[in-house]
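Have a look at the structure below before the remarks.
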Amino acid sequence: MRTSFFSSAFRRFRVRLQSLSFRTGVVVLALCVPFYVLSFAQMALPSAWLGAAAKGVLWAVFFGMAKAFQYGGLLILGADGVKRLRQWKKRPRV
């Protein structure tokens, strides 16, 4: 069975992302937080500044960017990186 261009391209993309460091994964994952905040905070702006259509477009763009950073960060970290983050979170602080 022959693989399609998109599946082989995604496989190469995934391998390249997984070769990045743990720190890079954490930074990319942390970048999703400001985009989530922006996606919902812009709805609080008055409608006189931005119309409803513009707010909808901004929400879609910012929310999409947040999801892209979230899934990209998780792809970089992988299962072992997520376990490492959970252990770091449970570690007692001095």
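The values are calculated or read from the model by the stated rules, or taken from the named source; none is laboratory data. These numbers come from a predicted model, not from an experiment. A quick note on method: Cβ atoms are made from the backbone with ideal geometry, for glycine too, and the neighbour counts reach across all protein chains shown. Keep in mind that these areas ignore ligands, DNA and RNA; they rest on the heavy atoms of the full protein, side chains included. Shrake-Rupley method; radii C 1.70, N 1.55, O 1.52, S 1.80 Å.
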Point to revise | Any pair with Cβ under 7 angstrom, 6 or more apart, that starts in region 65-79 at a residue that is closer than 17 Å to Leu38 by Cβ and touching a residue at least 12 places away in the same chain (Cβ under 8 Å) and ends at one that is open to solvent by 50 Å² or more (accessible area, probe 1.4 Å) and outside any helix (DSSP H, G or I) | key: Phe69/Leu31
Practice item. For region 50-70, state whether one or more residues are among the polar types (S, T, N, Q) and in a helix (DSSP H, G or I). Key: yes
Review point. Which of the residues that make up region 37-53 are open to solvent by less than 60 Å² (accessible area, probe 1.4 Å) and at pLDDT 90 or above?
Key: Ser39, Ala41
Revision key, fill the gap. Condition set surrounded by fewer than 16 Cβ atoms within 10 Å (Cβ to Cβ), of a type in the set (Val, Ile, Thr) and touching a helix residue (DSSP H, G or I) at 6+ places or on another chain (Cβ under 9 Å), scope region 54-86, selection modelled with the highest pLDDT: answer is Val61
